[in-house]
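Here's the structure we're looking at; comments come further down.
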Amino acid sequence: MSETKKVNINRAKVEEVLEQIRPMLRFDGGDVELVDIGEDGTVYVRLMGTCHGCAMSLYTLKGGIEMKLKEAIPEVKEVVAVNLEQQQPWGM
């Protein structure tokens, strides 16, 4: 039985990284909200505005938000949008 390793990710640090990303999202009428941080390192967000329902939202989530968070906070395992069906984009 494999036990999930618990990690402690600073919520303020996650918010700081999201603040760096927000101007790009807001430029296109979107935004992101931090919902929760799981003990396994999963960051849960809510895509808002035009980001929610956009055809490119999964790319924004995985290729933008998740990538930036992992660069700044190596303990981040993945980023999941609570209001988005999590399907893997092509080639990812």
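Throughout, read-outs are computed from the coordinates displayed, never taken from laboratory work. Being a predicted model, the structure only gives us computed values, none of them experimental. So basically every Cβ, Gly included, is an ideal-geometry build from the backbone, and we count neighbours across all protein chains shown.
Convert 25 °C to kelvin, take the viscosity as 0.890 mPa s, use the Kirkwood radius over C-alpha pairs of segment 11-81 as Rh, and evaluate the Stokes-Einstein diffusion coefficient in µm²/s, rounded to a whole number.
For these conditions, the coefficient is 207 µm²/s.
For Arg22 and Glu75, FRET efficiency with R0 = 25 Å and r from the beta-carbon atoms, rounded to 0.05? Computed FRET efficiency for Glu75 and Arg22 comes out at 0.70. Helix 11-27 and the longest principal axis of the C-alpha atoms of the chain enclose an angle of approximately 20°.
Largest mean-square fluctuation among Ala72, Ala81, Ala55, in a Gaussian network model of the chain whose springs join Cα atoms under 10 Å apart, belongs to Ala55. Note on the chain: with charges restricted to the Cβ of Lys and Arg (+1) and Asp and Glu (-1), its dipole about the Cα centre is near 120 debye.
Identify, among Tyr44, Gly63, Leu84, the residue whose Cα sits farthest towards the positive end of the charge dipole of the chain, taking +1 on the Cβ of Lys and Arg and -1 on the Cβ of Asp and Glu, with the dipole about the Cα centre. Result: Gly63, furthest along the dipole toward the positive end.
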